[in-house]
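A short write-up of the structure that comes next.
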Amino acid sequence: MKHSAVILLVLAGLSLLHPSPVQAQTGYPSKVEMLTSLRSGNPQRILFALNNIDNDQLARTLYVDLYQIAGSEPSSPITASAAAKALGFVLLVGRDAEMQPMSEEEFAEKISMLEALLENINPEVTGVVEQFQWRAVELMQYCTAYDFYRGITGKTSPSIEERLSHFADNAAQQLENSFVIRNNLSLKLAAAAGIAGIILRDTDALATRRSPQQWLGIAIRHIDETIWEYQSNPDGWYGYSEGPWYFRYAMMNLIPFFLAFDTHLDGGTFAFEDRIFESPLRDARYHTLFDWISALRMPDGMLPPFEDTYMKAYFPELASIGGVLPAYQHLAWPNYGEDLAPMEAARFSRELSRTFDGRVDYLISAPPTPAHSTMSQQTWIMPDAGYAVFRSGWEADASYFALIGKHGIARTHRSPVGSGHKQANETAFVLQAGGELLALEPGYHSSKEREALVYGANHNVILVDGRGADSTSFGTSLFGADSFIQDTISTQEHGSVTIRTHYQDADIERSASHLHHRFFMITDRAESGFTRMFTHQLHGNGTLSEGSFVPSYDDHSAQWTSGSMRLHAITHALGSDVTHETVSRLHAPSSSTFAKHDAMYSSVTSDRGLFHSVLYAASTDEDVSTRVLVNAADVSVIHVQTPVDELLSLMTETASHVQTSVPEFGEFSTDAKTFHCILDAAGRPESWMLDDGSFIRHDDRMLLSSSLELQATVTATATHYRLSVRADGALQLRLRVPYHVSHVAGNGISAWEMDGNAVLLKLTDGIADCSLEFNTVATSVEQSHAIAQTCRIHAPYPQPFLSGSGAALIIPVEIAATHTAAAVLYDALGRKSMELPVRRATSGPQPLLIAAESLRPGTYYLRLQADGQSAVKRFIIH
């Protein structure tokens, strides 16, 4: 006889379940009774899981893996509790590994196995904090298993309930210890005590010191106090002090508890002692935490390897929240494996069962189908949390550049001994592009081996006499030093942050900027009161011995190749002789493994070190050149040439007036610390960024002048300029424009007027984000340049253009009748996407057509070349 599967009939939106022959003959409850008797989950979500197992390959893989665990011989207390939980769920579903109804004999055998596991629970919980995590996993998995058992059999077991209640009471006692260390381990234990309080809440006459209601209260109070008084702060974006991995590690247990607590409250609140608690899933404070980790995640779905965070670590459990909160469906982001292929179901199953088996919880939480993030922002600058993230998009192969610089609670965990998971990585960064991690943070090997990676010499930071922020106070884990993310400016196309810190008796200032999420410029200023050796580190993903690291130190440059991507890097020092060397270092490519990579060390010996770097990530078949054009004591100019555009990056020694002649590109003068620009086809600044200055002049063209020092970014399009300004007060600004401005839209501009070939702007408080819209009349000086062009690209239409819409994107181009032209389309990483045919024109524009289905969403560049001249147009496919 077979234990039949659940049969779902959907009538008028109602799900109905038929009892099976086994239920009828053995006296077991019907499936409806089983589900409604569960304490830990919404029955409708379990119905969703049952339906998904029938129709979804991932859900089926998770179930088959659970079925295998349910029939295995446990090798430890942890695996015994995982087997019990899997047994309960498999018995509830009633299917075997082939998705066939389970036989009556197998059903009875598995019931006996489950009973035996539950009858042998060890309820002891000692004060050894390291054991909290393992006891929490066991208690939580056994409670869920008993919840299923009770629903399956329709009966309770006093002996099992006695063991579970003593287990939960012992956990609650440890949480009430006034000296308990509040971290991810205690949070896991609190989640377990809380789930026990929910599942055993109707149990009578327990011989314990506390009631289930008290376990639940102690648990939610401990969670609330630990997260919002130790790990984070409710008054802003403070993130989670122990870093991305240990946030996930705590949430492995917390999310299933939050889901159960949310169901238990059913829209209400929970009173305990003098506090009123709402469901964390309905609490706006937790929403900032979920958005923080979502903003940090890398394009392939992995967590960034900052601090004690494993490389190749994902966060699939977070998708469960999207099943409850429709506004947070972006937490169900896609995860990718090798070569940016969607993660295989088997690997996804393994990822969900790291220490805590979350596969059952994932199945019953009704997570939405993973999709690219619906978060509107691509740039996230979070000074309180200590992170800045610049990304070109949410696609798997997008570019991703992130920095860390923590202070206060974000670094110290508001504890005299620290969180135990901070590394000496102030100002460090990672760079990923095309699915490859190119500039490395070392990651996390294990708690036993963290000494091998924690110190400054393993991070992309400035070393002072060979050391980073390595000092700790005796008996503490307070690695690092307070660092502050300041002077931020960010637009859709460009962005910049400065991180300031102090360690080893030196002041360190790192400014990191990007243009179009393609060129990444880093300038470092390190100063001390006496002569030191300052070392700029760049840890790339490759080795000299394997040919994946190629230094060219005479040119101050190096390349690292990983997969189909290559990192081009150039680092130069101002005012001092710089020495470059290759240093072999360790990183942890995954949990409990080490690997070697080669870092480029650039050192100067002086009372200050000024380093100027540019990073550019490209496909291996892209032709890229990098060079130092100006190497002077007071100024450095770096040039990068790509197939679609070129960059000039200028750094000055101080913010005083500097004038320099740049070979091939004319004369620049400025009082700014830095000036970065993408050049137009005539070799003149088009889109650019100025930092901490009041003017920038190129040859006889004053690009910008201001009554105050400021930060400014300008993005040029065919129809307008986008301007962003940050200054400390009201100012007047003069900006050169190629066409007469007809309209100014946006924020921060109180008045404007044309003045010859420039527009005069008044800013009331020094902050502006605006668009300067042009008419068709060129300013007098710009007119001659416009006439000389032999090729031109007009704005593409329709806009916005959607991939897969079935339409064609039309890009009008013009070339002089006497010339032939070539048009090539590149993606954001410089990879050639296609060549477009261009016929010799007689007059007027001709359309180039691109089919909607031929390109994925993302940023693209069309390069048109004719008679030695070129034009480039950037556009986005949504």
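The values are calculated or read from the model by the stated rules, or taken from the named source; none is laboratory data. Just so you know, these numbers come straight off a predicted model, no measurement behind them. Reconstructed Cβ throughout: ideal geometry from the backbone, glycine too, with neighbour counts over all protein chains shown. When the accessible area is computed, the model is the full protein with side chains, heavy atoms only, and any ligands, DNA or RNA have been set aside. Shrake-Rupley method; radii C 1.70, N 1.55, O 1.52, S 1.80 Å.
In sequence order, region 336-349 has phi-based couplings of 10, x, 5, 6, 6, 7, x, 4, 5, 4, 5, 5, 4, 5 Hz under the Karplus curve 6.51 cos²θ - 1.76 cosθ + 1.60, θ = phi - 60°, and Gly or Pro positions carry x.
Amide hydrogen proximity for THR717: with H placed 1.01 Å from N in the peptide plane, the residues at 5 or more positions away or on another chain lying under 5 Å are ARG722.
Distant-in-sequence amide contacts of TYR503, defined by a placed amide H-H separation under 5 Å and a gap of 5 or more residues or a different chain, comprise ILE508.
For region 583-643, the gyration tensor built on C-alpha atoms gives an oblate shape. Its axis ratio a/c (a ≥ b ≥ c) is at least 1.5, and a/b is not larger than b/c. Each of (i) 1.10; (ii) 0.99; (iii) 1.03 is a candidate for Rg/Rh (Cα atoms, Kirkwood Rh); the one calculated from this structure is (iii). Note that region 248-254 has calculated 3J(HN,Hα) couplings of 4, 4, 5, 6, 3, 8, 5 Hz, one per residue in order, obtained from phi through the Karplus relation 6.51 cos²θ - 1.76 cosθ + 1.60 (θ = phi - 60°); glycine and proline are x.
Since only TYR240, GLY480, VAL461 are under comparison, the one whose Cα sits farthest along the positive direction of the charge dipole of the chain, derived from C-beta charges on Lys, Arg, Asp and Glu, is TYR240. Taking every C-alpha pair closer than 8 Å and separated by at least 6 residues, the mean separation divided by the residue count of the chain gives a relative contact order of 6 percent.
Given a 1.4 Å probe and the protein chains as shown, GLU622 ends up with an accessible area of around 10 Å². A helix-only calculation puts the chain at -7500 deg cm²/dmol for mean residue ellipticity at 222 nm, using -39500 (n - 2.57) for each DSSP H run of at least four residues, averaged over all residues.
Close amide H pairs (under 5 Å, H built 1.01 Å from N) link TYR739 with THR779, residues at least 5 positions away or on another chain.
Can you list the aspartates and glutamates whose alpha carbon is less than 12 Å from that of LYS85, not counting same-chain residues fewer than 8 positions off? LYS85 reaches GLU115, GLU138, ASP147, ASP357, ASP361. Coupling constants for region 492-501 follow from the phi torsions by the Karplus curve (6.51 cos²θ - 1.76 cosθ + 1.60, θ = phi - 60°), and in residue order they are 4, 9, 10, x, 7, 9, 10, 10, 10, 8 Hz; glycine and proline get x. Annotation: TYR310 carries an accessible surface of approximately 30 Å², with a 1.4 Å probe and no ligand, DNA or RNA atoms counted.
Ordered from largest to smallest accessible area (heavy atoms of protein chains, 1.4 Å probe), the residues THR226, THR582, THR269, THR859 come out as THR269, THR582, THR859, THR226. In a shell of Cβ-Cβ distance under 15 Å around PHE356, excluding PHE356 itself, what net charge do Lys and Arg (+1) and Asp and Glu (-1) give? So the surrounding residues net to +1.
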